[in-house]
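For reference, the structure discussed in these notes is given below.
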Amino acid sequence: MTETERTDDAKPVPDDRFEVGIIVAKRTLKSRWASHAWLPISALPAIPTTAPWTILSATPEEETFYAGAFEVSLHPAETSHYRDNLVSGRPSLWVALRQAADASYEVAKVTADPYEGESMAEGIGEVVEAVPMPAEIQARVLAFFEAFHVEQVFHKRKRDRADPEALARQGRAARRREDEG
């Protein structure tokens, strides 16, 4: 759905998908087990015309790349997660990098859901980092939240009263089956 589409009450409907540009760094390590590490370091709200995997800067300790444009999907069922992210004090996008066949890395996923980001970090072989969410993206996520969030009222369930004779009846029935068999 695009922002230009309208609902019955003529309010614009926010996009549920949009692209962000991702910047990653390849950092040199002083370790006998690994020579370098790949890390997502930032997200861009607008997609530059730069080709993916263009080197943006290079020093002996770090090379910075524009990794390309990647889609962020928002889902109406997760609006409370987006709210938690926006009010956290450090709104973030979670970026997962996965090792490619040629030993480089590729962006596997980008999400605004902090709980999905946490679950991505549990995977083996992926590098997951929270990068600061640009103000323009925060505004898009907030518009989506305001359009689709429905507060769920918590209803505490009452427990059913236990029937103290239930186990006794069950035991008698089992004995009856043994006697008949």
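Every read-out reported here was derived from the displayed coordinates using simple, explicitly stated rules and does not represent laboratory data. All values reported here derive from a predicted model rather than from experimental measurement. A quick note on method: Cβ atoms are made from the backbone with ideal geometry, for glycine too, and the neighbour counts reach across all protein chains shown.
Near S88: Cβ cut-off under 14 Å, other residues only, Lys/Arg at +1 and Asp/Glu at -1. The net charge is -1. Between amide H atoms placed 1.01 Å from N, distances below 5 Å from L74 occur with R17, all of them 5 or more places distant or on a separate chain. Here each label is just a point 7 Å from Cα along the line to Cβ, and for R98 and R27 those points are 2.4 nm apart.
When +1 charges are put on Lys and Arg Cβ atoms and -1 charges on Asp and Glu Cβ atoms, the dipole computed for the range 93-151 relative to its Cα centre reaches about 140 debye. Computed 3J(HN,Hα) for the range 33-50, one whole-Hz value per residue from the Karplus formula 6.51 cos²θ - 1.76 cosθ + 1.60 where θ = phi - 60°, is 9, 8, 8, 7, 9, 9, 9, x, 10, 6, 10, 10, x, 10, 8, x, 7, 5, glycine and proline marked x.
Toward the positive end of the charge dipole of the range 17-148, with +1 on the Cβ of Lys and Arg and -1 on the Cβ of Asp and Glu, the farthest Cα among L86, S73, A37 is that of A37. Taking amide H atoms as placed 1.01 Å from N in the peptide plane, the amide H of I22 lies under 5 Å from those of L44, A67, G68, F70, each 5 or more residues away in sequence or on another chain. From the alpha carbon centroid of the range 107-162 to that of the range 60-87 is 11 Å. Amide H to amide H distances under 5 Å link H36 with L29, where only residues 5 or more positions off or on other chains count and H is placed in the peptide plane.
Ranked by the mean number of other Cβ atoms within 10 Å of their residues, highest first, the peptides 55-66, 27-38, 136-147, 106-117 come out as 106-117, 136-147, 55-66, 27-38.
Over the range 17-148, Cα pairs under 8 Å with separation of 6+ residues give a relative contact order of 25 percent. Evaluated with a Cβ-only charge set (Lys, Arg +1; Asp, Glu -1), the range 17-148 carries a dipole of roughly 280 debye about its Cα centre, given to the nearest 20. Backbone phi angles across the range 113-127, fed through the Karplus curve with coefficients 6.51, -1.76 and 1.60 (θ = phi - 60°), yield HN-Hα couplings of 8, x, 6, 5, x, 5, 5, 5, 5, 7, x, 9, x, 10, 9 Hz in residue order; Gly and Pro are listed as x.
Length gained on full extension, V150 to A121, computed as 0.36 nm times the residue gap minus the Cα-Cα distance: 7.6 nm.
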